[in-house]
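Student: Have a look at the structure that comes next, please.
Nothing in this text is a laboratory measurement; each read-out follows from the coordinates by a stated rule. Model, not experiment: these values are computed from the prediction. Using ideal geometry, Cβ is built from the backbone for each residue, glycine included, and neighbour counts are taken over all protein chains shown.
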Amino acid sequence: MKQRISLGRNIFIGSNYIFLIFLSFLCLFPLIHVLAISFSSSSAAASGLVKLWPVDFQISSYQYILNKPEFIQSVLVTLKRVALGFTINLLMSVLCAYPLSKERSSFRYRTVYAWYFIITILFGGGLIPWYLTVSETGLIDTIWALVIPGAVPVFNVILLLNFFRGLPKEIEESAFMDGAGHWRVLWLMYIPLSLPSLATISLFTLVGHWNSWFDGLILMNFPDKYPLSTYLQLVIINSDPMKMSAGDIYKYAEISDRTTRAAQIFLGALPILLVYPFLQKYFVKGIVLGSIKG
């Protein structure tokens, strides 16, 4: 029998919808505003006429950025970094989380290793020791300098090990009784059952590597080795009209720092905006289950 909903309940549900729509608009407004500025003329952007729709529509800011060979090179560096970093981070997170999720009776020194990782969150050696370590290992000006120092994301390890602890122990015990070893249990049972948590840490990893710019600035000495975020961070700072060609000066006259920065922000956020909808359905489940100790 269909339950009748009272008037107060309908008002409450309607108010929630209105509030959530308003909240969603507040979240989308900055991005829409940035996109509108990036497609507007420099005079309209400078005078504050742009709100949610471009004024004097033009694509000069995007042409100025996309026509640079350095931009294409930085995209290739970032794609390589994301591919290597994503694979290494996910692999190391799984390999660290699985043994740490075991009871002390199964892994005698589990607590010691757990604190070994947690201390790295609480205390850091500082920028100079970090740079010297990377330099002494010969990673400067290589793609590995952007990947190896952060190969083990401790937050992801903690999230994943808590998810592993929440899985039924009977599944693992039955597999051991059938003759399976730890490797088979991990790859054939734990990994398929942990897709929500893996999708969550995958999103964290992709966003982290794509948006990271400071390490590229510190560890790379040549502009052709900069990742995309580092290149976009410096493209306006290094825009000196005295060093531009006649064509660049003409293009620069049609844009401004504000429109170009808006184009940079949107280009930097676009890949993550395209990937997020595919991982969003796992995001909340992965966070909630991975944050509760089983």
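Student: Using +1 at the Cβ of each Lys and Arg and -1 at the Cβ of each Asp and Glu in the chain, identify which of 92, 212, 28 lies farthest towards the dipole's positive end.
Tutor: Checked the options; the winner is 28.
Student: Further question on the same structure: Once the Cα gyration tensor of the stretch 69-234 is diagonalised, what are the square roots of 5 times its eigenvalues, in whole Å and ordered largest first, as equivalent ellipsoid semi-axes? Display every interim value, and only then the final one.
Tutor: Working: eigenvalues 249, 67, 29 Å².
Calculated on Cα positions only, the semi-axes equal 35, 18, 12 Å.
Student: Right, something else. Determine, for each peptide in 175-181, 157-163, the mean count of other beta carbons within 10 angstrom over its residues, then list the peptides with the highest first.
Tutor: Peptide ranking by packing, descending: 157-163, 175-181.
Student: If you don't mind, another one. Quick check on the chain: take the gyration tensor over C-alpha atoms, sort the square-rooted eigenvalues as a ≥ b ≥ c, and tell me if it's rounded (a/c under 1.5), prolate or oblate. Intermediate values should be presented prior to the final figure.
Tutor: Working: a/c = 2.89, a/b = 1.34, b/c = 2.15.
Oblate is the answer for the chain, as a/c is 1.5 or above yet b/c matches or exceeds a/b.
Student: Only helices at least 30 Å long along their own axis, judged from Cα atoms, and with Kyte-Doolittle mean hydropathy of -1.0 or greater: name those in the chain from DSSP H.
Tutor: 7-38, 69-100, 257-290
Student: Ordered by residue, what ³J(HN,Hα) values in Hz, to whole numbers, does the stretch 212-222 give under the Karplus form 6.51 cos²θ - 1.76 cosθ + 1.60, where θ = phi - 60° and Gly and Pro are x?
Tutor: Per residue, the Karplus-derived 3J(HN,Hα) values read 5, 10, 5, 5, x, 5, 7, 9, 10, 9, 10 Hz.
Student: Can I ask one more? Rank-order 95-101, 122-128 by packing density, defined as the average count of other C-beta atoms within 10 Å over each peptide's residues, highest first.
Tutor: For the peptides 95-101, 122-128, the packing ranking is 95-101, 122-128.
Student: For the chain, what relative contact order do you get, as a whole percent, if you take Cα pairs closer than 8 Å and at least 6 residues apart?
Tutor: 30
Student: Let me ask something else. Could you estimate the translational diffusion coefficient of the stretch 50-151 from the Stokes-Einstein equation, with Rh from the Kirkwood formula over C-alpha pairs, at 4 °C and 1.567 mPa s, in whole µm²/s? If you can, show how the numbers build up before the last one.
Tutor: Values: Rh = 17.9 Å.
Diffusion coefficient, whole number: 72 µm²/s.
Student: Taking R0 as 35 Å, what FRET efficiency do you get between residue 56 and residue 24 from their Cβ-Cβ distance, rounded to the nearest 0.05?
Tutor: Calculated value: 0.75.
Student: Can you give me the Rg/Rh ratio for the stretch 127-166, using Cα atoms for both radii and the Kirkwood formula for Rh? Mind showing how you got there, number by number?
Tutor: Working: Rg = 14.2 Å, Rh = 11.8 Å.
Using only Cα positions, Rg/Rh for the stretch 127-166 is 1.20.
Student: Expressed as a rounded percentage, what relative contact order does the stretch 69-234 have, with Cα pairs under 8 Å and six or more residues apart?
Tutor: RCO, the stretch 69-234: 42 percent.
Student: Suppose we take every Cα in the stretch 107-174 and form the convex hull; what volume per residue is that in Å³?
Tutor: Dividing the Cα hull volume of the stretch 107-174 by its residues yields 134 Å³.
Student: Sticking with this one: Using the Cα centre of the stretch 69-234 as the reference point, and only Cβ charges (+1 on K/R, -1 on D/E), how large is the resulting charge dipole? Debye, rounded to the nearest 20.
Tutor: I would put it at about 320 debye.
Student: Report the full-extension gain for the segment residue 193 to residue 118: residue separation times 0.36 nm, less the Cα-Cα distance, to one decimal in nm.
Tutor: 24.4 nm
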